[in-house]
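All of the numbers you see were taken from the coordinates with simple rules; none came from a lab. Everything quoted here is computed from the prediction, not taken from an experiment. Positions of Cβ are generated from backbone atoms using ideal geometry, with glycine treated the same way; all protein chains shown enter the neighbour counts.
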Amino acid sequence: RIVYLDGQYLAETEAKVSIFDRGFLMADGVYEVTSVLGGKLVDFPGHIVRLQRSLDALEIRNPLSSDDWLEVHRQLIVRNNIDEGMIYLQVTRGNPGDRDFAFPPADLPPTVVLFTQAKPGLANNPAAKTGLRIISIPDIRWGRRDIKTVQLLYPSMGKMMAKKAGVDDAWFVEEELVTEGTSNNAYIVKGNRIITRALSNDILHGITRAAVLRFAAEAQMEVEERSFSIEEAQAADEAFVTSASTFVMPVVEIDGAKIGAGTPGPIVARLREIYLEEML
Ligand code: PDD
């Protein structure tokens, strides 16, 4: 792979970052994941707007302009010949040359890393036909989940808890209410109505979420932004998750209880179809 590091395109084995980088020592950085379908970026402007928001929240300087970000993404798609896959972008606070809790001076250059992940068959993911089985786990993450930081230890542990339980993923629950999935936003469907938690500091403001809610409204579905419990989800007609890497993905089982018939339902299938049509 050809990767991008601080202004240079390098072979992945040549790209090296300091052991003192704040990303490495403190998880002091933010990231974005953008999908590529048919060699084109999916919903790119939204990711760059959110990147700016995450950087602002942590007072990390944005080292590139929106045009430059786009150019680096395009270069990586071409240089790695990506048709279907993902581009990972990370900005950390940089390398102060030592370990210190206090932030380094604001003029320290941030460290910028981007790389591609080829995923042939991404749009035709077979999981969309079978649906995901999930468990619920307590949400013990910090209180600024709206900032897309690289601090992903607990979400990784959540995926492992799901794996150990023999299922696909987990939904986080706080005060009896679902916040979101380990790496996606969570939804239930009742009749013609899509229900998902309202935006706040409690969840990541998904780029896919924004698009899917817009398409749902355009398709005459009702959209209700409010919290729901696991019990309500288990009694729903359908359930699903959204993210840049999975688009719209049905959920067919929560904590051992089947959702509806236990197979992906028509509303979620329609939403996935609309999303992929609009984005391709
Ligand atoms: N995860 N919530 C969390 C906690 C996430 O990590 C993600 C994305 C989302 C969905 O956001 P978006 O639709 O903008 O991808 C919600 C990415 C894909 C990841 O960590 O790989």
Could you give me the ³J(HN,Hα) list for region 241-252, computed from phi with Karplus coefficients 6.51, -1.76, 1.60 and θ = phi - 60°, whole Hz, x at Gly and Pro? 10, 10, 6, 4, 8, 10, 6, 10, 10, x, 10, 10
Could you check the spin-label model distance between D83 and A261? Points 7 Å from the Cα along Cα→Cβ, value in nm. 3.3 nm
Which entries of K129/K258; K40/K119; K119/K159 show an alpha-carbon separation above 18 angstrom in the structure shown? K119/K159
In debye to the nearest 20, how big a dipole does region 186-278 give about its Cα centre with +1 on each Lys and Arg Cβ and -1 on each Asp and Glu Cβ? 80 debye
Can you tell me, using C-alpha contacts under 8 Å and at least 6 residues apart, the relative contact order of region 1-132 as a whole percent? 34 percent
Region 1-89 - Rg and Dmax from Cα coordinates, angstrom: 13.5, 38
Around K164, with a cut-off of 15 angstrom between Cβ atoms, what is the net charge of the other residues, counting Lys and Arg +1 and Asp and Glu -1? 0
Treating only Lys and Arg (+1) and Asp and Glu (-1) as charged, each at its beta carbon, one finds that region 112-222 has a dipole about its Cα centre, in Debye to the nearest 20, of 360 debye
Over region 228-280, the quotient of the Cα radius of gyration and 2.2 N^0.38 Å is 1.18
With just the Cα atoms of region 127-279, tell me how far they stretch along each of the three principal axes, in Å, largest first. 37, 31, 26
Size of the dipole of region 66-163 about the Cα centre, Lys and Arg at +1 and Asp and Glu at -1 on the beta carbon, nothing else charged, in debye to 20? 640 debye
Sorted by Cβ neighbour density within 10 Å, fewest at the top, the residues H205, H47: H205, H47
Karplus-derived 3J(HN,Hα) from phi for region 21-28 (6.51 cos²θ - 1.76 cosθ + 1.60, θ = phi - 60°), whole Hz, x at Gly and Pro, runs 4, 4, x, 6, 7, 10, 6, 8
Principal axis lengths of the chain from Cα atoms, whole Å, largest first? 55, 39, 34
